[in-house]
Amino acid sequence: MHIYTLHVGQGQFVVVTSDTEAFIVDTYVPLNPTNDIIHVKAALTKILEGKNLIGLVITGFDADHFNEVGMRIVLNKYRPNWIMYPKYFKETTNAHNCFNVIKGFESQKQFSKYSVSLSKNDTRFYEKLSKEFSFEVFSPHVADMNSSNNCSLVCRVKERSTGRTYLITGDTENDRWQSIVNYFGSALLSDVLAAPHHGSKNGISSAAMALIKPNTVLISAGVNNQYGHPDWEATQLFAKHSNYYYSTSSGEGQSLKTEVSSSGIKSYKFIP
């Protein structure tokens, strides 16, 4: 499994690949970046060469995750078979525009939509979306949908051939993690963690990190962003509970390629 955490500024755009299949997590592409960022179209061309893009995972409906420009790039060129997103709706112009892109794509291709909430679905396991990956959902739940951040999708992806895992987290925050920890405990164990909420100090608890036990934490944040992400407190937590953590905000900004295999995990700068 290869995880590409693209340097797109203060947002998230991730591509995950296996032998022949790939899926994308979030679609943020800034229109007027204040710093140099990766050319998303060029990166996708290189990453997805010879791969079948099977699906798109949207962790939440805020504009730094759910982006109209990115949606058009993904749907119109790569034409995935399905999309998964949390079962809630935030009434914004951005969300309306993105769902209109989805609606337009549906008129062109048979396309499955999975609107996920643990209180609304019979199962949290999605085994038939891919031949090479399986998906296990931990959040959202109607009991903790007290903010758009806590409505984020939390989903662990497992590569079937290696058994290696990647935990997708969106903008989930501490108060929701408390419930996730209570419900799922050691089932959260994952090899690689996408840092919740871009490395915010409120993004995850020590209790959750102790159960996830990631080898590597990947942070998607903008260079010199206004929020100070990743927060010092968060990086200290990552240093305590993981072997390595990396951020797209390091230096002048970097995209990251993380190779996750049965023999080990390695991250380095990705240049298309």
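Defining a contact as two alpha carbons under 8 Å apart and six or more residues distant in sequence, what relative contact order in percent does region 59-123 show? Dividing the mean separation by the residue count of region 59-123 yields 43 percent.
Tally Lys and Arg at +1 and Asp and Glu at -1 over the other residues with C-beta under 10 Å from the C-beta of residue 200: what net charge comes out? Please report the intermediate quantities before stating the final value.
On the way: positive: 201; negative: 171, 173, 231, 233.
Around residue 200, the charge tally is -3.
Projecting the Cα atoms of 190, 241, 47 onto the charge dipole of the chain, computed from C-beta unit charges around the Cα centre, puts 47 farthest toward the positive end. Calculated mean residue ellipticity, 222 nm, the chain: -6000 deg cm²/dmol, from DSSP H runs (n ≥ 4) at -39500 (n - 2.57) each, averaged per residue and rounded to 500.
Just how many pairs of Lys in region 93-193 have C-alpha atoms closer than 20 Å, counting pairs that are eight or more places apart or on different chains? Lysine pairs, 8 or more places apart or on different chains, close enough: 7. The largest-to-smallest principal axis extents of the Cα set in the chain are 48, 43, 39 Å.
Of all DSSP beta bridges located in the chain, what percent are antiparallel, nearest 5? Write out the running numbers ahead of the final one.
Details: 31 of 53 bridges.
Expressed as a percentage, antiparallel bridges in the chain total about 60.
Loop-located GluC sites (Glu not before Pro) in region 60-121 (DSSP state other than H, G, I, E, B) with a sparse environment of at most 16 neighbouring Cβ atoms within 10 Å: 91. Here the chain has 46 percent of its accessible surface on carbon and sulfur atoms, given a 1.4 Å probe and all protein chains in place.
Ignoring solvent entirely, what values of log10 I(q)/I(0) come out of the Debye formula for region 1-138 at 0.17, 0.18, 0.21 Å⁻¹ when each Cα is a single scatterer? Once normalised to I(0) and log-transformed, intensities are -0.95, -1.07, -1.45.
For region 186-272, the calculated P(r), taken from all Cα-Cα distances in 10 Å bins from zero up to the bin holding the longest distance, is 18, 51, 28, 3 percent. Each peptide in 75-82, 154-161 receives the mean, over its residues, of other Cβ atoms within 10 Å, and ordering these scores from highest gives 154-161, 75-82.
Can you tell me the equivalent ellipsoid semi-axes for region 136-175? Use √(5λ) from the Cα gyration tensor, largest first, whole Å. Before the final figure, lay out each step's value.
Working: eigenvalues 118, 15, 7 Å².
Values for region 136-175, descending: 24, 9, 6 Å.
Determine the per residue accessible area of region 158-272 with all protein chains present and a 1.4 angstrom probe, expressed in square angstrom. Before the final figure, lay out each step's value.
Numbers: 5030 Å² over 115 residues.
Ligands and nucleic acids excluded, the figure is 44 Å² per residue.
By definition, a body whose alpha carbon gyration tensor gives a ≥ b ≥ c is prolate when a/c is 1.5 or more and a/b is larger than b/c, and region 65-222 fits this prolate description.
Compactness ratio for region 95-146: Cα radius of gyration over 2.2 N^0.38 Å (N = residue count) comes to 1.40. Over all other residues within a Cβ to Cβ distance under 15 Å of residue 93, the charged ones net out to -3, with Lys and Arg as +1 and Asp and Glu as -1.
Remark: the Cα gyration tensor places region 158-219 in the oblate category, a/c being 1.5 or greater and a/b not exceeding b/c. Within the shell defined by Cβ-Cβ distances under 13 Å, the residues around residue 255 carry a net charge of +1, with Lys and Arg each +1 and Asp and Glu each -1. Hydrodynamic radius of region 121-199 by the Kirkwood approach over all distinct alpha-carbon pairs: 13.0 Å. Centre-to-centre separation between the Cα atoms of region 7-41 and those of region 145-171: 17 Å.
By how many nm would the segment from residue 46 to residue 213 lengthen if fully extended, with 0.36 nm per residue of separation less the alpha-carbon distance? Working shown, then result.
Numbers: separation 167, 0.36 × 167 = 60.12 nm, distance 3.14 nm.
Gain on extension, residue 46 to residue 213, equals 57.0 nm.
Residues of region 13-57 with the amide nitrogen closer than 19 Å to a label point 7 Å from the Cα of residue 131, along Cα-to-Cβ, please. Hits in region 13-57 for residue 131 at 19 Å: 16-24, 48-56. In terms of its Cα atoms, region 215-266 spans 38, 23, 13 Å along the principal axes, sorted from long to short.
The values are calculated or read from the model by the stated rules, or taken from the named source; none is laboratory data. Since we're looking at a predicted model, the values are computed, not measured. A quick note on method: Cβ atoms are made from the backbone with ideal geometry, for glycine too, and the neighbour counts reach across all protein chains shown. Just so you know, the surface numbers come from the protein's heavy atoms only, side chains and all, with ligands and any DNA or RNA stripped out. Shrake-Rupley method; radii C 1.70, N 1.55, O 1.52, S 1.80 Å.
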